[in-house]
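Participant: Encoded as structure tokens, here's the structure I'll be asking about.
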Ligand code: ADP
């Protein structure tokens with residue numbers, strides 16, 4: 001029995017916060033492409049150098065690079081009981097690449113948690129967070145880039161019967177109560 005889940009939603013919707021709570025309660029590895037790129041940048045690795053210009057502008061890192069790091073991470077043993085994907089896939093090409101990676105090993109996603117909130121909520125939260133790429137221009141570009149891409153991904157997983165919508169504009173613990181309900185129902189399937 002495994003718990004393979006993916007968190008979908010625009011920047012600022014609270015995916016990272018919910019991921020941290022899921023990690024704590026379900027003890028699953030958190031695979032955040034954004035975190036992996038930031039760590040690579042901090043360590044000044046080749047990957048970090050490649051990712052930096054894209055991230056600084058709020059654009060997507062090229063798919064070959066991103067798919068490659070996720071494939072490597074998913075090959076690690078600790079992901080076998082399950083994992084939380086956060087920030088990947090971010091377009092349909094990545095979604096298809098993920099299917100290939102998983103199906104090769106007889107694995108598949110169990111659920112997609114799609115967090116939603118109004119644009120103003122997202123902008124306010126990111127401004128409050130103050131990460132290096134949380135300047136007004138870059139925030140706007142990340143929302144523009146991801147806004148167009150997220151809905152087709154949601155449809156892709158909805159057609160597979162995997163999509164679960166969660167209102168991410170509520171208080172974090174209230175959101176997590178919904179998350180927990182869903183994950184517990186999957187575990188008991
Ligand atoms: P946010 O959700 O606020 O955009 P993330 O930490 O998820 O924050 O991502 C930060 C940046 O990392 C993105 O703007 C992008 O440049 C890069 N990135 C993260 N995930 C991906 C991905 N799946 N594909 C391409 N680039 C990505």
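Participant: What is the extension gain from residue 128 to residue 151, computed as 0.36 nm multiplied by their sequence separation minus the C-alpha to C-alpha distance, in nm to one decimal? Write down the numbers at each step before the final one.
Facilitator: Working: separation 23, 0.36 × 23 = 8.28 nm, distance 2.54 nm.
Extending this stretch completely gives an extra 5.7 nm.
Participant: Compute the distance in nm between two label points, each set 7 Å from the Cα along the Cα-to-Cβ direction, one at residue 46 and one at residue 158.
Facilitator: Calculated label separation equals 4.1 nm.
Participant: OK, next. Taking other Cβ within 10 Å of each residue's Cβ, how do 135, 150, 45, 66 sort, fewest first? Walk me through the numbers on the way to the answer.
Facilitator: Working: 135 15, 150 20, 45 12, 66 25.
Exposure proxy ranking, most exposed first: 45, 135, 150, 66.
Participant: With contacts defined as alpha carbon pairs under 8 Å and 6 or more residues apart, what's the relative contact order of the stretch 1-113 in percent?
Facilitator: On the way: 120 pairs, mean separation 52.5, N = 113.
Reported as a whole number, the value is 46 percent.
Participant: Still on this model: Using the 10 angstrom Cβ neighbour count as an exposure proxy, how do 37, 156 rank, fewest first?
Facilitator: Numbers: 37 22, 156 18.
Ascending Cβ contact count within 10 Å gives the list 156, 37.
Participant: Using only the Cα atoms of the stretch 55-118, build the gyration tensor, take square roots of its eigenvalues as a ≥ b ≥ c, and label the shape rounded, prolate or oblate: rounded if a/c is under 1.5, else prolate if a/b is larger than b/c, else oblate. List each step's numbers first, then the result.
Facilitator: Values: a/c = 1.85, a/b = 1.31, b/c = 1.41.
Note, shape of the stretch 55-118 comes out oblate.
Participant: Sticking with this one: Relative to the present Cα-Cα distance, how much length would full extension add between residue 71 and residue 171 at 0.36 nm per residue of separation?
Facilitator: Numbers: separation 100, 0.36 × 100 = 36.00 nm, distance 3.36 nm.
This chain segment gains 32.6 nm when fully extended.
Participant: Would you work out if the stretch 50-189 is rounded, prolate or oblate? Take a ≥ b ≥ c from the square roots of the eigenvalues of the alpha-carbon gyration tensor; rounded if a/c is under 1.5, else prolate when a/b is larger than b/c, oblate otherwise.
Facilitator: Details: a/c = 1.83, a/b = 1.17, b/c = 1.56.
The shape class here is oblate.
Participant: At a Förster radius of 30 Å, what calculated FRET efficiency corresponds to the Cβ-Cβ distance of residue 141 and residue 188, to the nearest 0.05? Let's see the in-between values first.
Facilitator: On the way: r = 42 Å, r/R0 = 1.39.
After rounding, the FRET efficiency stands at 0.10.
Participant: Given the DSSP H assignment, sum -39500 (n - 2.57) over each helix run of at least 4 residues in the chain and divide by its residue total; what's the result at 222 nm in deg cm²/dmol, nearest 500?
Facilitator: Details: 8 runs with 109 residues, N = 189.
When only DSSP H runs of four or more count, the value is -18500 deg cm²/dmol.
Participant: Further question on the same structure: Quick one: check the C-alpha center-to-center distance for the stretch 138-160 versus the stretch 78-133, whole angstrom.
Facilitator: 11 Å
Participant: Separate question: For residue 57 and residue 99 in the same chain, what is the full-extension length gain: residue separation times 0.36 nm, less their Cα-Cα distance, in nm? Could the numbers behind the result be given before it?
Facilitator: On the way: separation 42, 0.36 × 42 = 15.12 nm, distance 2.84 nm.
Once the chain is fully extended between residue 57 and residue 99, it gains 12.3 nm.
Participant: Moving on to the next point. Using Cα-Cα distances under 8 Å and only pairs 6 or more residues apart, what relative contact order does the chain have, in percent? Walk me through the numbers on the way to the answer.
Facilitator: Details: 245 pairs, mean separation 67.3, N = 189.
Relative contact order comes out at 36 percent.
None of the figures in this text is laboratory data; all of them are computed from the coordinates on show. This one's a predicted model, so the numbers in the text were calculated from it and none came from an experiment. Reconstructed Cβ throughout: ideal geometry from the backbone, glycine too, with neighbour counts over all protein chains shown.
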